[in-house]
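Comments concern the structure below.
The values are calculated or read from the model by the stated rules, or taken from the named source; none is laboratory data. What you see is a predicted model, and the numbers here were worked out from it, not measured in a lab. A quick note on method: Cβ atoms are made from the backbone with ideal geometry, for glycine too, and the neighbour counts reach across all protein chains shown.
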């Protein structure tokens, strides 16, 4: 008698064993039938029954009592998708964040509590979130960021259930940040400020736009945060103003002259530069007779520094950042300024 078998789905070892029995002169139909029965049992049991259903069953049990907890995840990547769902999203289950202690739904829910990240320590919460979220942002916030130093965890800013904000934030920026950084809120009320309160930009645009776990601060490296919007001042320039470059020996940068949050002065300057004060410039440049010699004291009396030194962020033509328009006034003659 000849038998024809389709080996699709059969365990390789079982199939080979069956063939040996059938080819053996001592083989018999009883032994072959026994092996066939063993193979059938092995391949007929769904794989999920041995390894669990990856949270599907646990989620169904959870949603029997906590249906609203899935409803408030609708539209987010944390939404629990059931088998009949045709949505394309990250497939998550309740047990991925809350554990899978079956005694909670099989025995006494009040006695066998599920894990709740809101009540965990910073490291415990991070361990749960890091199962899916482990990029430079998460690494920075848990290592060298000031948030890590102050024990600020994921759930201090993010709310998985019930948030309709970008990034599942508990509150929209900048209000979320003001909750801890109360001193900063007042600076945005000054006449000249970055438009955070107006909704044109967020705190994270500067402070988290380039997360880097190698950076000890949450801000971008030096001037990079500023250059994202003000790239006309980036250079490189043949003649650099050391106060504006963040790699200078004096650790300069944009914040040397500008307050990044807000100021009472135009362009968010820290000190005035209009005559007759000049504090902004004179804090670094105390040049004898400058602006007080015979020529400057008459024709240029009361003229702001930036009237002549126009390219204060850097120049392509003048080491003193002077405007070429001064040549017609004789400023570049021998013994005076050299262009």
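Filtering 162, 167 for residues that are in a helix (DSSP H, G or I) and assigned by TED's automatic domain parsing to the domain that holds residue 73 leaves a single hit, 167.
Across region 149-159, which residue is nearest to residue 76 (Cα to Cα) among those that are assigned to a loop (DSSP other than H, G, I, E, B) and touching a residue at least 24 places away in the same chain (Cβ under 8 Å)?
Taking the candidates together, the pick is 153.
Could you say whether any residue in region 141-148 is at pLDDT below 85, out of contact with any helix residue (DSSP H, G or I) (no Cβ under 9 Å at 6 or more places or on another chain), surrounded by fewer than 17 Cβ atoms within 10 Å (Cβ to Cβ) and assigned to a loop (DSSP other than H, G, I, E, B)? So far as region 141-148 goes, yes, one or more of its residues are at pLDDT below 85, out of contact with any helix residue (DSSP H, G or I) (no Cβ under 9 Å at 6 or more places or on another chain), surrounded by fewer than 17 Cβ atoms within 10 Å (Cβ to Cβ) and assigned to a loop (DSSP other than H, G, I, E, B).
Out of 173, 111, 185, one residue alone is part of a loop (DSSP other than H, G, I, E, B) and closer than 25 Å to residue 198 by Cβ. It is 173. Given the condition modelled with pLDDT of 70 or more, part of a loop (DSSP other than H, G, I, E, B) and farther than 15 Å from residue 239 by Cβ, answer yes or no: does some residue in region 305-328 qualify? Checked against the condition, which is being modelled with pLDDT of 70 or more, part of a loop (DSSP other than H, G, I, E, B) and farther than 15 Å from residue 239 by Cβ, region 305-328 yields no hits at all.
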